[in-house]
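Reading through the structure tokens given below for one structure.
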Amino acid sequence: MAARVLRAGGAASAGSFLRRAGPCNLQPGLWKLASSIIRPREDSWLKSLFVRKVDPRKDAHSNLLAKRETSSLYKLQFHNVKPECLEAYNKICQEVLPKIHEDKHYPCTLVGTWNTWYGEQDQAVHLWRYEGGYPVLTEVMNKLKENQEFAEFRKARSNMLLSRKNQLLLEFSFWNEPVPRSGPNIYELRSYQLRPGTMIEWGNYWARAIRFRQDSNEAVGGFFSQIGQLYMVHHLWAYKDLQTREDIRNAAWHKHGWEELVYYTVPLIQEMESRIMIPQKTSPLQ
């Protein structure tokens, strides 16, 4: 009888039959046969939970997601400053960095410079743009090596730092171009470490999600890493104050479709971090 059930009903029927009968009520050979029928189906189901199906791509995600009309490369710097040196650090940055920004000899732009307020403490964040990509980045680096004032600045700065790191970034095609703005504002840098292989998915979802966050002109810029820590995404937002930030973020949940996009992007994230930052006096983003 059991053999007839297995032949007639297939793996699904076998599963229900075995759950009722149990191994003790079947002959050893029949139990082994039925288990072998069910196991591939169960293995397939389990694999679907843990193995991602990735669509084949014929181009780098940098070419698919970055702005085509520009070739801008961004450098994001994080400097962890000795607490007792933060005031002196800010002073020398305010003296030297605007000179590089304003000097036409250096084809680069200081997009913004901040101190963290909430998040990592005693930290400075600088964002530079190199219009022309890697060749311009190399040109600026070579010219700065010959700049005596900058060499002295770097030496003085090194005595004030605990650690530093940087990343080279491209900007998402669907995000706003970061341009100078008047203040006062606070800025939030939201950083996402994505699961490898999910950058295209993230970009596809956020190309739709960004329209929910444009009403109050809070979206400043969106970037993804090319060198440094990879599969990193940074979203830069501007708010009048912390309460305005809270109100704007809560309002997004009342817009139809926002909750669905959040639902689908959260599984793509391995880690995330939020920094609330205050612009330095010489920052173009105030």
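The values are calculated or read from the model by the stated rules, or taken from the named source; none is laboratory data. A quick note: this is a predicted structure, and the numbers were derived from the prediction, not measured. Glycine gets a Cβ as well: all are built from the backbone with ideal geometry, and neighbour counts include every protein chain shown. The area values use the complete protein model at the heavy-atom level, side chains included, leaving out ligands, DNA and RNA. Shrake-Rupley method; radii C 1.70, N 1.55, O 1.52, S 1.80 Å.
The listed residues are Gly132, Gly119, and the only one of them that is among the small types (Gly, Ala, Ser) and modelled with pLDDT of 95 or more turns out to be Gly119.
Taking segment 128-154 as the range and being assigned to a loop (DSSP other than H, G, I, E, B) and either of a type in the set (D, E, K, R) or over 29 Å from the mean Cα position of the chain (by Cα) (or both) as the test, the residues that pass are Glu146, Asn147. Here Trp202 fulfils each of the conditions (1) at pLDDT 95 or above; (2) of a type in the set (Phe, Trp, Tyr); (3) under 19 Å from the mean Cα position of the chain (by Cα); (4) open to solvent by 20 Å² or more (accessible area, probe 1.4 Å) apart from (4). Does at least one position in segment 237-253 carry a residue that is touching a Ser or Thr at 6+ places or on another chain (Cβ under 9 Å), in a strand (DSSP E or B) and open to solvent by 50 Å² or more (accessible area, probe 1.4 Å)? No: segment 237-253 contains no residue that is touching a Ser or Thr at 6+ places or on another chain (Cβ under 9 Å), in a strand (DSSP E or B) and open to solvent by 50 Å² or more (accessible area, probe 1.4 Å).
Residues in segment 216-250 that are in contact with a Phe, Trp or Tyr (Cβ under 9 Å, 6 or more places away or on another chain) and small (Gly, Ala, Ser): Ser216, Ala219, Gly221, Gly222, Ser225, Ala238. Restricting attention to segment 254-269 and to residues that are open to solvent by less than 80 Å² (accessible area, probe 1.4 Å) and among the aliphatic types (A, V, I, L, M), the residue that is nearest to Tyr118 (Cα to Cα) turns out to be Ile269.
Restricting attention to segment 130-161 and to residues that are touching a residue at least 60 places away in the same chain (Cβ under 8 Å) and of a type in the set (A, V, I, L, M), the residue that is nearest to Leu97 (Cα to Cα) turns out to be Ala156. Scan segment 207-230 for residues that are surrounded by fewer than 19 Cβ atoms within 10 Å (Cβ to Cβ) and part of a loop (DSSP other than H, G, I, E, B) and the total you get is 7. Just one residue in the set Met232, Met160 is within 18 Å of Glu271 (Cα to Cα), at pLDDT 95 or above and among the aliphatic types (A, V, I, L, M); that residue is Met232.
What do you reckon, is Gly183 farther than 20 Å from Leu168 by Cα, at pLDDT below 95 and surrounded by fewer than 19 Cβ atoms within 10 Å (Cβ to Cβ)? So Gly183 passes the test.
Within the set Tyr264, Tyr239, the sole residue that is in contact with a helix residue (DSSP H, G or I) (Cβ under 9 Å, 6 or more places away or on another chain) and under 22 Å from Ala66 (Cα atoms) turns out to be Tyr264.
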